[in-house]
Structure formats: structure tokens, C-alpha cells
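Read the structure below first, then the notes.
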Amino acid sequence: MTPHDKILIVDFGSQVTQLIARRVREEKVYSEIVPFNRAEEAFAAMKPKAVILSGGPASVHEPGAPLAPMSIYQAGVPVLGICYGEQAMAHQLGGKVEGGHHREFGRAELEVTDTSPLFEGVWEKGGRYPVWMSHGDRVTQLPPGFRVLGTSPNAPVAMIGDDARKFYATQFHLEVMHTPQGAAIIRNFVRNIAGAKGDWTMGAFKDEAIQRIRAQVGKGRVICGLSGGVDSSVVAVLIHEAIGEQLTCVFVDHGLLRLGEAEQVVTLFRDHYNIPLVHVDAEDMFVGALEGTSDPETKRKTIGRLFIEVFEQEAKKIGGAEFLAQGTLYPDVIESVSFTGGPSVTIKSHHNVGGLPARMNMKLVEPLRELFKDEVRALGRELGLPDAFVGRHPFPGPGLAIRVPGEITREKLDILRQADAVYIDAIRKAGLYDEIWQAFAVLLPVRSVGVMGDFRTYDYVVGLRAVTSTDGMTADFYPFEMSFIGHVATRIINEVKGVNRVVYDVTSKPPGTIEWE
């Protein structure tokens with residue numbers, strides 16, 4: 001396999017470290033995030049072309065504050081520090097960082113005071129540019145060999161550089177969209193200063209992943225838990241391309257899918273791709289066990305337990321499988337290890353509700369664990385998956401069960417399934433589906449008195465949610481025109497018996513919050 005140039009990102013705990021990796025990968029250069037306390041071994045193993053130090057919530061003055069291994073500064077590779085990364089670099093290389101000054105959060109104006117390869121062709125000396133700040137401490141004395149490249153009202157040392165060692169740092173966040181030219185500056189660092197080749201493409205990844213799967217599996221058999229979502233669909237097609245009939249997919253139909261999705265999964269994988277598929281109709285088991293359940297955590301655990309039981313039964317029937325394929329993505333890998341070295345999650349179930357039992361004694365095949373969600377979609381297109389599957393909105397494993405707050409009943413699930421179908425159909429017909437990262441309906445645990453024609457009704461309220469995002473780390477509500485909301489509400493009330501009111505949710509999801517449901 002062709003060796004690719006790599007960029008190592010040392011994580012100090014910033015909520016937006018993933019965005020640094022995304023910006024590097026947008027340049028077709030492979031990047032990998034590691035916690036600061038694992039950076040030394042990762043650097044030795046990875047042999048990167050350059051290192052980027054992330055932001056973080058700590059202060060370099062705190063006991064045990066996270067710092068980069070000194071061996072990275074001594075290795076002769078370019079280093080870029082961002083926010084806390086600038087402070088760590090200055091502190092470790094002989095400069096001075098102080099707290100107690102005026103803090104700076106949000107938009108700020110940077111004045112570029114010198115020239116530098118870091119922003120060549122992007123910013124000019126004497127120019128003023130918008131950037132995004134988030135800091136309390138600041139650098140007050142430069143390390144030897146550095147010069148100031150830019151200042152802001154509350155950060156006199158907002159950007160520094162040492163051209164001889166190719167060390168650069170910014171107090172502001174380059175990776176966020178609120179620093180408009182930040183991506184271009186990261187490009188300069190990665191491609192021009194570090195000299196990394198942009199050869200990490202999805203075509204190359206596909207070919208190399210197929211080789212890795214064949215080398216790992218050999219003549220063994222693989223079982224894949226297929227949900228019909230983007231991740232498991234791409235995993236299934238990729239592994240099937242690698243080992244063909246050695247793969248068997250198990251589709252546990254728990255009766256909590258959207259309208260018509262089970263049929264779509266079976267048609268695509270059994271009929272179109274001719275992938276060996278076991279379709280388990282377990283609706284009565286799952287829905288029966290959930291009826292009367294209102295606690296959301298109990299719902300998740302019930303679904304997780306039943307899924308494991310059904311999957312294990314089917315694996316025994318198939319027999320002889322040594323490997324379990326999972327759609328683990330890179331954000332799952334990152335989140336499984338905290339930047340302070342927290343516990344690692346060995347296996348994440350297909351439904352995000354727990355792991356498969358150790359007694360199954362199967363080795364994991366996780367070909368997507370290096371990819372972000374949008375990269376998985378790009379790989380799916382490379383594999384020829386239909387756009388209807390590649391571009392499908394994320395749909396958590398527990399499905400409709402977590403979109404019926406309160407007690408679960410078959411009647412509620414049927415009402416929600418129909419309302420959700422109307423909502424998604426309206427979005428598609430309006431040409432908005434691909435502009436939205438995730439959209440879904442929720443059957444709220446309240447009933448409303450209304451009048452329909454000459455009759456008084458007492459029916460359910462449906463909540464609608466639609467957000468824009470890249471990978472769900474942060475999200476904002478989609479700004480539908482009110483005429484569209486009115487159109488959808490009218491359709492749902494007219495077409496779905498049991499609903500007489502519709503509301504639209506306009507809350508956002510800031511960084512670091514849990515998944516909304």
C-alpha cells in the first residue's frame with residue numbers, strides 16, 4: 001500500500017479539535033488526533049510531516065496542565081499551535097504566558113504586523129481581518145527565535161512564528177468558520193510549509209481498505225449487523241467487494257424504522273447487490289417489550305439487550321463466523337478516549353446502546369474507523385451506492401422509540417411513522433433534503449383539543465425538527481419559510497389520523513452537548 005503523508009494533531013481537550021482534522025483532510029492529507037498524553041508514542045509510530053497543537057480549556061499554569069512532548073519540538077518537523085496550543089508552545093519553549101488579563105471570546109479583529117509563509121497569499125501586512133478568539137490567558141513574552149506576526153485588541157501576541165524551525169502559532173481558532181480565511185492558512189501550513197502531498201483520496205482509501213480487509217480476514221467468515229443507515233451500508237458493500245460470499249449481513253428489523261425502510265434495505269442488499277442477507281422480523285418482540293415503557297434510558301437498554309439476543313441467535317445459526325463487522329467511525333474512536341486518558345470503549349454496538357457480549361468471541365472488522373461521516377458518504381459514492389442511501393439523514397439505532405417521549409404503544413408508533421413520512425416527503429419535494437443534515441418528527445407526550453370541520457378533536461401534537469450540521473458535533477435549526485411549515489402542518493393534520501397540531505423546534509445544539517432526540 002502507498003504510504004501517505006500524515007499530520008498529527010495533539011488534542012488538549014478543545015471542543016472543536018475534530019474541525020482541525022477535517023480542515024487537514026479537506027486538503028487530501030491524512031490527519032489523526034491523539035490525546036496529549038499519548039502523543040509521544042503516536043509521533044514515533046506515525047512519523048508525521050508536521051504536528052498541530054489544538055486548543056483546550058486548561059491554563060499552562062495549572063498543576064499537571066497538558067503539554068506537548070518536548071521530543072516533538074526537537075524532531076525537526078513543522079509545528080502549528082492553535083489557541084491553547086500557542087500558549088503551550090510559548091510556555092515550553094521559553095516564553096511567558098500570563099492570566100488575569102482581559103478575556104477575549106468570540107469575534108475579534110486581527111491586525112497583521114509582519115509577513116510570513118503561514119499566511120502568504122491570504123493576508124497582507126497591515127491588513128485587518130476577522131478571527132474567532134476564545135481565551136483567558138495570553139502570551140506576554142516571546143520564546144527565543146520567535147517574532148510577532150499579528151495582534152488583536154486583547155491579545156498583543158495573537159500570532160507568532162519562527163521561520164527557521166517552522167514553528168507557528170495563533171491565539172485565535174483557525175479551524176472554525178468564524179475565522180473566514182482559517183482554512184486557507186491551515187492549507188498553507190500543511191501543503192506549503194510541511195510539504196505534505198494531497199494524495200489521500202477516497203479512491204485510494206477504498207483500494208487500500210479492501211487490501212486490509214482481505215489481509216485481516218483471509219478465508220474467514222464475517223457477520224455484519226446491517227441497519228440500512230449510511231455507516232452499516234457502506235461497511236457491507238465495502239467488505240462484500242473485498243471478500244464476496246464470505247460476508248453475511250444480518251438485518252434485525254425491530255419495527256422501529258421509518259415507513260418503508262425495511263423493504264428498501266432488503267431490496268437493495270439482497271436483490272441489487274446480491275449480498276447474503278438474513279432478514280429477521282423481530283417487530284413483535286421489540287415493540288411488545290417496549291409497550292408501556294416511558295423512561296428513555298430503559299427504552300435504550302431494552303432495545304440494546306434484545307438486539308444482542310437476536311443477533312447472537314442468528315450468528316449461531318449461521319455458524320463459523322470469526323469476524324464481526326462494525327460501522328465505527330473516527331468520531332467514535334476519538335470520543336471513546338477522553339483527552340485526559342479516560343476509559344476506552346472496546347466495542348460500540350450497531351445501535352449505540354452498548355457492546356456485544358465477550359462470549360461471542362469474535363474479532364472486529366472496522367474499516368471506517370479512520371473516517372468522518374462526510375468521508376463515509378464520499379466512500380459510499382466511490383462504491384456506487386445510490387444517493388438515496390449515501391445521502392440519508394442519520395437515524396439513531398433506537399429509531400422511533402426515542403422519538404415517542406413517554407409511553408410506547410403501537411398506535412403512537414404508527415401515527416409517528418406516518419407523520420414522519422409526510423414531513424420527509426414534503427422536504428424532498430421542496431428540494432431541501434440535501435441542505436439539511438437531519439430532519440425528523442417527534443410524537444409529543446401531550447394531546448390537544450382542536451376543531452376539525454364540525455367536530456371537536458382530542459389528538460396528538462407532532463413536533464418537527466430539522467438542523468444543519470457537518471457531523472452532529474454542533475447544529476443549528478434549519479430556517480424553513482413559514483409557508484413551508486404551514487404546508488407541512490396542513491398535510492400532516494389532513495393525512496395522519498390522530499394528529500391535530502404541529503410545532504417546529506428552533507433550538508440549536510452548541511458544542512459539547514449530548515445528542516438531541
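The values are calculated or read from the model by the stated rules, or taken from the named source; none is laboratory data. Everything quoted here is computed from the prediction, not taken from an experiment. Note: ideal-geometry Cβ built from the backbone for every residue, glycine included; neighbour counts use all protein chains shown. For the accessible areas, the whole protein counts, side chains as well, though only heavy atoms, and no ligand, DNA or RNA atoms are used. Shrake-Rupley method; radii C 1.70, N 1.55, O 1.52, S 1.80 Å.
Remarks
- Close pairs (7 angstrom Cβ cut-off, 6 or more residues apart or separate chains): farther than 16 Å from Ile402 by Cβ and of a type in the set (Gly, Ala, Ser) in the range 252-271, open to solvent by 20 Å² or more (accessible area, probe 1.4 Å) and assigned to a loop (DSSP other than H, G, I, E, B) anywhere: none
- In the condition set (1) over 21 Å from Phe205 (Cα atoms); (2) open to solvent by less than 20 Å² (accessible area, probe 1.4 Å), Arg25 is compliant with all but (1).
- Residue within the range 438-458 that is open to solvent by less than 20 Å² (accessible area, probe 1.4 Å), outside any loop (DSSP other than H, G, I, E, B), in contact with a Phe, Trp or Tyr (Cβ under 6 Å, 6 or more places away or on another chain) and within 24 Å of Arg22 (Cα to Cα) present: no
- The selection criterion, being surrounded by fewer than 19 Cβ atoms within 10 Å (Cβ to Cβ), of a type in the set (Gly, Ala, Ser), in contact with an Asp or Glu (Cβ under 8 Å, 6 or more places away or on another chain) and not in a strand (DSSP E or B), holds for Gly203.
- Of all residues making up the range 241-295, the number that are part of a helix (DSSP H, G or I) and among the hydrophobic types (A, V, I, L, M, F, W, C): 12
- Filtering Ala289, Ala282 for residues that are free of Cβ contacts under 8 Å to residues at least 24 places away in the same chain and among the hydrophobic types (A, V, I, L, M, F, W, C) leaves a single hit, Ala289.
- Filtered residue count, the range 386-405, keeping only those that are at pLDDT below 90 and open to solvent by 10 Å² or more (accessible area, probe 1.4 Å): 11
- Residue satisfying all of: in the range 177-200; assigned to a helix (DSSP H, G or I) and among the small types (Gly, Ala, Ser); least open to solvent (accessible area, probe 1.4 Å) among these: Gly182
- Count of the range 207-228 residues, restricted to those that are of a type outside the set (A, V, I, L, M) and crowded, with 20+ Cβ neighbours inside 10 Å, is 4.
- Every test in (1) at pLDDT 95 or above; (2) surrounded by fewer than 20 Cβ atoms within 10 Å (Cβ to Cβ); (3) in contact with a Lys or Arg (Cβ under 8 Å, 6 or more places away or on another chain); (4) of a type outside the set (A, V, I, L, M) is passed by His4 save one, and that test is (1).
- Flag for Thr302 being at pLDDT 70 or above, open to solvent by less than 30 Å² (accessible area, probe 1.4 Å) and either part of a loop (DSSP other than H, G, I, E, B) or among the aliphatic types (A, V, I, L, M) (or both): no
- Only one entry of Asp414, Asp434 meets the criterion of being farther than 23 Å from Thr490 by Cβ and in a helix (DSSP H, G or I), and that entry is Asp434.
- Entirely in the range 130-171, the strands (runs of 3 or more DSSP E) that have 2 or more residues that are open to solvent by less than 20 Å² (accessible area, probe 1.4 Å): 147-152, 155-162, 167-170
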